[in-house]
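As structure tokens, the structure follows; a few thoughts come after it.
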Amino acid sequence: MRATVIHAPHDIRVEEVPDPAIRQPTDAVVRVLRACICGSDLWAYRGESARQPGQRIGHEFLGVVEETGVGVGGLAVGDLVVAPFVWSDGTCAYCADGLTTSCPEGGFWGSVGSDGGQGEAVRVPYADGTLVKLPAAAASDDRLLTALLALSDVLGTGHHAALGAGVTKGSTVAVVGDGAVGLCGVLAAKRLGAERIIALGRHSARTDIARRFGATDVVAERGEAALAAVRELTRGEGAHSVIEAVGTEQSMRTALDIVRDGGAIGYVGVPHGSASGVDLGVMFDRNIALRGGVAPVRTYIPELLPDVLDGTIDPSPVFDLSIGLDEVPAGYRAMDGRTALKVLITP
């Protein structure tokens, strides 16, 4: 089959790789209908996170079950399923607690020795604990299928950030980051009942989506000017909740600057760089909470799925470029150059 591999920084190729096959009784093989490129994939693309030459890449996909091991009891051939970006066994203490990303048997798609999501098919370990069945009719609805793909990562990650930030009904929320995760953070905050949502971003195409998702205000300034703008919008106090969806030192400093005393920051931006931007002294003096990390999206899918199915929330606008599998290298260039927000792949 064909799949995306990375050989070196800026060297993404679509190549022939071995077909996935059942190795363990709990495995399934899924034929991919939709996949996508994540902003976090760009760190490998830019050489900021190490990869072995020829390693698979991509961690967001949905598709149809083609084969199951004898130990798989909850899925059948032909089922439409979505995969969270980490597989998990569904039976350990961490999975029982909802922290599926800490499952001792779990792993990330595209890690060494595993299949990546940006290909024609994927071997899924622990299929019963990992995959979530979707309505079969969704396979013929392009918009819905695209919206459901967001459950594999960005929608659940935005929800995780909103929960970490303590978003409640009537609260004021600020969102640092105008990528797909930040925009889904806006959507999640709106879903949780936030009254005011301030999106920080300079790109009108993205902030237009933020407004569509529920942002009441947009702050295009940066640095001290952004801080002043947020303070002006919040009577000088700052936001009750701040979603940090970038992962740089500067973005975390901005989050700390604009959060209200006694407020909380939900951080889900994948950290990159040598410094965190977190000043414990400032957090201590101002009673600021910091919660977040890698999102256990498998836990959130059953909660979010009904709202996607009935149209209460529609994350599909974050996918602004659709390509075939052979065009994946161009898709990476488009996201790296910020000419695309999030690239949808149809193998």
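Below are the figures for this structure:
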item: Qualifying residues in region 226-261 (those that are in a helix (DSSP H, G or I) and open to solvent by 50 Å² or more (accessible area, probe 1.4 Å)) - the one farthest from T216 (Cα to Cα); result: E249
item: Selection within region 122-138 - open to solvent by 50 Å² or more (accessible area, probe 1.4 Å) and farther than 18 Å from D89 by Cα; result: P135, A136, A137
item: Test: L33 is open to solvent by 10 Å² or more (accessible area, probe 1.4 Å) and touching a Gly at 6+ places or on another chain (Cβ under 7 Å); result: yes
item: Which numbered condition G119 misses (of (1) open to solvent by 10 Å² or more (accessible area, probe 1.4 Å); (2) among the small types (G, A, S); (3) under 19 Å from C38 (Cβ atoms)); result: (1)
item: Which listed residue, of A188, A215, is in a loop (DSSP other than H, G, I, E, B) and open to solvent by less than 50 Å² (accessible area, probe 1.4 Å); result: A215
item: Scan of region 165-178 for residues that are surrounded by 24 or more Cβ atoms within 10 Å (Cβ to Cβ) and not hydrophobic (A, V, I, L, M, F, W, C), ordered by number; result: T172, G177, D178
item: Cross-chain or 6+ apart pairs with Cβ under 9 Å, region 282-310 first and acidic (D, E), then assigned to a helix (DSSP H, G or I) and open to solvent by 30 Å² or more (accessible area, probe 1.4 Å); result: D307/R191
item: Leading residue by the ranking (farthest from A138 (Cα to Cα)) among those in region 302-344 that are open to solvent by less than 10 Å² (accessible area, probe 1.4 Å) and in contact with a Ser or Thr (Cβ under 8 Å, 6 or more places away or on another chain); result: V328
item: Single condition W43 does not satisfy, out of (1) out of contact with any strand residue (DSSP E or B) (no Cβ under 8 Å at 6 or more places or on another chain); (2) under 18 Å from L325 (Cα atoms); (3) surrounded by 13 or more Cβ atoms within 10 Å (Cβ to Cβ); result: (2)
item: A205 open to solvent by 10 Å² or more (accessible area, probe 1.4 Å), over 22 Å from F85 (Cβ atoms) and without any contact (Cβ under 8 Å) to a residue 12 or more places away in the chain; result: no
item: Extreme residue, modelled with the lowest pLDDT, among residues of region 262-301 that are assigned to a helix (DSSP H, G or I) and open to solvent by 70 Å² or more (accessible area, probe 1.4 Å); result: L280
item: Region 102-116, residues that are surrounded by 22 or more Cβ atoms within 10 Å (Cβ to Cβ) and farther than 19 Å from L62 by Cβ; result: C103
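The values are calculated or read from the model by the stated rules, or taken from the named source; none is laboratory data. Just so it is clear, the structure is predicted and the values come from calculations on it, not from any experiment. As a convention, Cβ positions derive from the backbone with ideal geometry for all residues, glycine included, and neighbour counts pool all protein chains shown. Note: accessible area is taken over every heavy atom of the protein model, side chains too, but ligands, DNA and RNA are not part of it. Shrake-Rupley method; radii C 1.70, N 1.55, O 1.52, S 1.80 Å.
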